[in-house]
Amino acid sequence: GPAVPVTLDDVGGFHVRFAEKTEPTGDYTIKYEPNDGEACGALTVKKEAYRLPTFEAVLAGPARAPLDAPFSVNLLARFFAGGLLSDRPVTWRVTQFPLAWTPPGSDGTREGYLFSSDSRFSGDSAFRSTPVLNREAKTDAGGSAALALDPTAEPTAQPRQYLVEATVTGDDDIQVRSTLRIPALPPFVLGVHVPRYLPQPGAIEAEALALDPDGKP
(Lines give C-alpha, C1' and ligand atoms only; values in the text may rest on other atoms or scores of the structure.)
Protein backbone atom coordinates (compact mmCIF):
# COMPACT_ATOMS: atom_id res chain seq x y z
CA GLY A 1 0.00 0.00 0.00
CA PRO A 2 0.97 3.69 -0.20
CA ALA A 3 3.38 5.11 2.38
CA VAL A 4 2.20 8.26 4.14
CA PRO A 5 4.92 10.41 5.79
CA VAL A 6 4.25 11.47 9.38
CA THR A 7 5.95 13.83 11.84
CA LEU A 8 6.15 12.82 15.50
CA ASP A 9 5.25 15.38 18.15
CA ASP A 10 7.03 16.00 21.48
CA VAL A 11 5.54 12.88 23.07
CA GLY A 12 6.00 10.58 20.09
CA GLY A 13 2.50 10.78 18.69
CA PHE A 14 1.12 11.70 15.29
CA HIS A 15 -2.18 12.20 13.51
CA VAL A 16 -2.93 11.28 9.91
CA ARG A 17 -6.05 11.89 7.87
CA PHE A 18 -6.13 9.17 5.23
CA ALA A 19 -8.23 10.55 2.40
CA GLU A 20 -6.97 8.53 -0.57
CA LYS A 21 -9.61 6.58 -2.45
CA THR A 22 -9.24 2.81 -2.19
CA GLU A 23 -11.57 0.91 -4.48
CA PRO A 24 -11.42 -2.70 -3.21
CA THR A 25 -13.37 -3.64 -0.10
CA GLY A 26 -11.97 -6.03 2.51
CA ASP A 27 -9.39 -5.96 5.29
CA TYR A 28 -6.68 -3.31 5.40
CA THR A 29 -3.60 -3.31 7.64
CA ILE A 30 -2.14 -0.06 8.91
CA LYS A 31 1.28 0.02 10.59
CA TYR A 32 3.91 2.55 11.61
CA GLU A 33 7.35 2.16 10.07
CA PRO A 34 10.14 4.30 11.61
CA ASN A 35 13.08 5.22 9.39
CA ASP A 36 15.54 3.28 11.51
CA GLY A 37 13.64 0.39 13.06
CA GLU A 38 11.10 -2.35 12.76
CA ALA A 39 7.44 -1.66 11.88
CA CYS A 40 5.13 -1.51 14.90
CA GLY A 41 1.62 -0.58 16.01
CA ALA A 42 -0.19 -2.57 13.33
CA LEU A 43 -3.98 -2.64 13.28
CA THR A 44 -6.55 -4.03 10.88
CA VAL A 45 -9.59 -2.18 9.59
CA LYS A 46 -12.39 -3.49 7.41
CA LYS A 47 -13.69 -1.50 4.49
CA GLU A 48 -17.18 -2.27 3.28
CA ALA A 49 -19.26 -0.89 0.47
CA TYR A 50 -21.67 1.81 1.67
CA ARG A 51 -25.26 0.65 1.74
CA LEU A 52 -28.22 2.95 2.12
CA PRO A 53 -30.29 2.03 5.19
CA THR A 54 -33.71 0.67 4.33
CA PHE A 55 -35.34 1.68 7.62
CA GLU A 56 -35.38 4.40 10.27
CA ALA A 57 -35.45 4.36 14.05
CA VAL A 58 -37.68 7.06 15.55
CA LEU A 59 -37.43 7.96 19.24
CA ALA A 60 -40.20 9.71 21.15
CA GLY A 61 -40.16 10.96 24.72
CA PRO A 62 -41.17 13.91 26.89
CA ALA A 63 -39.78 17.31 25.98
CA ARG A 64 -39.00 17.69 29.68
CA ALA A 65 -39.13 15.17 32.51
CA PRO A 66 -39.73 15.85 36.22
CA LEU A 67 -37.09 14.75 38.70
CA ASP A 68 -39.69 13.22 41.03
CA ALA A 69 -41.33 10.69 38.68
CA PRO A 70 -40.34 7.98 36.18
CA PHE A 71 -40.72 8.53 32.44
CA SER A 72 -40.48 6.42 29.28
CA VAL A 73 -38.76 6.71 25.91
CA ASN A 74 -40.41 4.88 23.00
CA LEU A 75 -38.80 3.56 19.82
CA LEU A 76 -40.43 2.78 16.48
CA ALA A 77 -38.42 1.01 13.74
CA ARG A 78 -40.05 1.20 10.30
CA PHE A 79 -39.03 0.60 6.71
CA PHE A 80 -38.94 3.60 4.39
CA ALA A 81 -40.91 1.55 1.86
CA GLY A 82 -43.57 0.74 4.46
CA GLY A 83 -43.80 -1.92 7.12
CA LEU A 84 -42.34 -2.38 10.59
CA LEU A 85 -39.23 -4.15 11.89
CA SER A 86 -40.42 -6.81 14.32
CA ASP A 87 -38.22 -8.94 16.56
CA ARG A 88 -35.03 -7.03 15.74
CA PRO A 89 -32.21 -6.37 18.25
CA VAL A 90 -32.19 -2.98 19.98
CA THR A 91 -29.28 -1.63 22.03
CA TRP A 92 -30.18 1.14 24.48
CA ARG A 93 -27.50 3.45 25.88
CA VAL A 94 -28.26 6.27 28.32
CA THR A 95 -25.76 8.81 29.63
CA GLN A 96 -26.38 11.78 31.94
CA PHE A 97 -24.90 15.27 32.04
CA PRO A 98 -25.28 18.12 34.55
CA LEU A 99 -27.70 20.85 33.50
CA ALA A 100 -27.35 24.44 34.65
CA TRP A 101 -30.95 25.59 35.11
CA THR A 102 -33.00 28.24 36.87
CA PRO A 103 -36.75 28.71 36.38
CA PRO A 104 -37.82 31.49 34.00
CA GLY A 105 -38.50 34.68 35.92
CA SER A 106 -36.31 33.76 38.91
CA ASP A 107 -33.29 35.72 37.65
CA GLY A 108 -34.25 39.00 39.29
CA THR A 109 -37.40 39.84 37.35
CA ARG A 110 -39.52 38.91 40.37
CA GLU A 111 -38.56 41.77 42.62
CA GLY A 112 -37.37 40.87 46.10
CA TYR A 113 -37.73 37.08 45.88
CA LEU A 114 -34.80 34.81 46.61
CA PHE A 115 -35.10 31.40 44.98
CA SER A 116 -33.78 28.02 45.99
CA SER A 117 -30.69 26.78 44.21
CA ASP A 118 -29.54 23.23 43.44
CA SER A 119 -28.63 22.79 47.11
CA ARG A 120 -32.35 23.01 47.84
CA PHE A 121 -32.66 19.60 46.17
CA SER A 122 -29.23 18.16 46.89
CA GLY A 123 -26.55 18.62 49.50
CA ASP A 124 -23.82 17.67 47.03
CA SER A 125 -22.18 20.34 44.92
CA ALA A 126 -20.51 17.83 42.56
CA PHE A 127 -22.76 16.24 39.94
CA ARG A 128 -23.46 12.56 40.54
CA SER A 129 -25.48 10.03 38.59
CA THR A 130 -25.92 6.29 38.17
CA PRO A 131 -23.48 4.66 35.70
CA VAL A 132 -24.04 4.68 31.96
CA LEU A 133 -26.98 2.40 31.17
CA ASN A 134 -26.51 -0.28 28.49
CA ARG A 135 -29.42 -2.59 27.80
CA GLU A 136 -30.25 -5.14 25.09
CA ALA A 137 -33.83 -5.62 23.89
CA LYS A 138 -35.87 -6.48 20.81
CA THR A 139 -38.64 -4.75 18.92
CA ASP A 140 -42.11 -6.24 19.32
CA ALA A 141 -44.50 -7.31 16.55
CA GLY A 142 -45.34 -3.64 15.93
CA GLY A 143 -41.69 -2.60 15.52
CA SER A 144 -41.72 -0.86 18.90
CA ALA A 145 -39.61 -0.92 22.04
CA ALA A 146 -39.71 1.15 25.23
CA LEU A 147 -37.23 2.10 27.93
CA ALA A 148 -38.28 3.29 31.40
CA LEU A 149 -36.05 5.75 33.26
CA ASP A 150 -36.43 6.79 36.89
CA PRO A 151 -34.75 10.02 38.04
CA THR A 152 -35.77 9.27 41.64
CA ALA A 153 -33.19 6.46 41.65
CA GLU A 154 -30.36 8.93 41.14
CA PRO A 155 -27.99 9.68 44.05
CA THR A 156 -28.78 13.41 43.83
CA ALA A 157 -31.75 15.45 42.66
CA GLN A 158 -29.78 17.96 40.63
CA PRO A 159 -31.17 19.05 37.25
CA ARG A 160 -29.69 16.83 34.54
CA GLN A 161 -29.91 16.00 30.88
CA TYR A 162 -30.47 12.45 29.67
CA LEU A 163 -28.91 11.46 26.34
CA VAL A 164 -30.81 8.39 25.11
CA GLU A 165 -29.39 6.39 22.18
CA ALA A 166 -31.15 3.46 20.51
CA THR A 167 -29.42 1.30 17.89
CA VAL A 168 -31.52 -1.09 15.81
CA THR A 169 -29.95 -3.91 13.77
CA GLY A 170 -31.84 -4.83 10.60
CA ASP A 171 -32.12 -8.19 8.84
CA ASP A 172 -29.14 -7.26 6.65
CA ASP A 173 -27.03 -6.36 9.72
CA ILE A 174 -27.19 -2.65 8.92
CA GLN A 175 -27.42 -0.64 12.14
CA VAL A 176 -29.42 2.56 12.49
CA ARG A 177 -28.98 4.77 15.55
CA SER A 178 -31.26 7.51 16.86
CA THR A 179 -30.64 9.88 19.77
CA LEU A 180 -32.88 11.99 22.01
CA ARG A 181 -31.97 14.58 24.66
CA ILE A 182 -34.36 14.99 27.58
CA PRO A 183 -33.83 17.55 30.37
CA ALA A 184 -35.01 16.47 33.83
CA LEU A 185 -36.00 19.40 36.06
CA PRO A 186 -37.33 19.93 39.60
CA PRO A 187 -41.13 19.83 39.77
CA PHE A 188 -41.06 23.28 41.40
CA VAL A 189 -38.73 25.80 43.03
CA LEU A 190 -39.47 27.89 46.07
CA GLY A 191 -38.94 31.63 46.41
CA VAL A 192 -39.15 33.65 49.65
CA HIS A 193 -39.69 37.39 49.97
CA VAL A 194 -38.71 39.00 53.29
CA PRO A 195 -37.67 42.54 54.22
CA ARG A 196 -33.94 42.99 53.72
CA TYR A 197 -33.79 45.70 56.40
CA LEU A 198 -35.80 46.15 59.61
CA PRO A 199 -35.65 49.70 61.07
CA GLN A 200 -36.99 48.40 64.42
CA PRO A 201 -37.78 45.03 66.04
CA GLY A 202 -41.17 43.53 65.30
CA ALA A 203 -43.01 40.93 63.27
CA ILE A 204 -41.38 39.83 60.02
CA GLU A 205 -43.77 39.58 57.10
CA ALA A 206 -42.70 36.78 54.75
CA GLU A 207 -44.17 35.72 51.43
CA ALA A 208 -43.52 32.44 49.63
CA LEU A 209 -43.84 31.74 45.92
CA ALA A 210 -43.66 28.34 44.23
CA LEU A 211 -42.85 28.28 40.50
CA ASP A 212 -43.12 25.35 38.11
CA PRO A 213 -40.39 24.64 35.53
CA ASP A 214 -42.03 27.14 33.14
CA GLY A 215 -41.78 29.90 35.73
CA LYS A 216 -45.54 29.93 36.31
CA PRO A 217 -46.86 30.22 39.90
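The values are calculated or read from the model by the stated rules, or taken from the named source; none is laboratory data. Because the structure is a prediction, the values reported are computed rather than measured. Every residue, glycine as well, gets a Cβ built from its backbone with ideal geometry; the counts of neighbours run over all protein chains shown. SASA here: full protein model, heavy atoms, side chains in, ligands and nucleic acids out. Shrake-Rupley method; radii C 1.70, N 1.55, O 1.52, S 1.80 Å.
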Practice task
Quick one: dipole size for region 1-109, taken about the Cα centre, charges +1 on Lys/Arg Cβ and -1 on Asp/Glu Cβ, in debye to the nearest 20.
Solution key: 620 debye
Fill in the blank from the handout: Which of PRO104, PRO155, PRO201 fluctuates most in a GNM of the chain (C-alpha springs under 10 Å)? That residue is PRO201
Fill in the blank from the handout: Taking every DSSP bridge whose two residues both lie in the chain, the antiparallel percent to the nearest 5 is 95 percent
Handout entry: Tensor-based shape of the chain (alpha-carbon gyration tensor, a/c under 1.5 rounded, otherwise prolate or oblate)
Key = oblate
Problem - the chain: most fluctuating residue of PRO24, PRO62, PRO151 per GNM, C-alpha cutoff 10 Å - result: PRO24
Problem - Number of Lys pairs (Cα under 18 Å; 8 or more positions apart or on different chains) in the chain - result: 4
Practice task
Can you grab the distance from the C-alpha centre of region 34-90 to the C-alpha centre of region 163-217, Å, no decimals?
Solution key: 30 Å
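Quote the relative contact order of the chain in percent (integer), defining contacts as alpha-carbon pairs under 8 Å separated by 6+ residues.
Computed over the chain, the figure is 23 percent.
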Completion exercise
Expressed in nanometres to one decimal, the distance between label points 7 Å along Cα→Cβ at VAL6 and ALA39 is 1.3 nm
Fill in the blank from the handout: Per region 24-109, sqrt(5λ) over the Cα gyration tensor eigenvalues, sorted largest first, in Å, gives 44, 28, 12
Practice task
Would you kindly state the longest site-free stretch of the chain, with sites defined as trypsin sites (Lys or Arg not before Pro) in a DSSP loop (not H, G, I, E, B) surrounded by at most 10 other Cβ atoms within 10 Å?
Solution key: 52-195
Problem - Surface per residue (accessible, 1.4 Å probe) for the chain, Å² - result: 67 Å²
Problem - Pairwise label distance in nanometres, TYR50 with THR95, each label 7 Å out on the Cα-Cβ vector - result: 2.5 nm
Exercise for the section: Quote to one decimal, in nm, the extra length available between VAL58 and ASP172 on full extension: 0.36 nm per residue of separation minus the C-alpha distance between them. Expected result: 39.2 nm
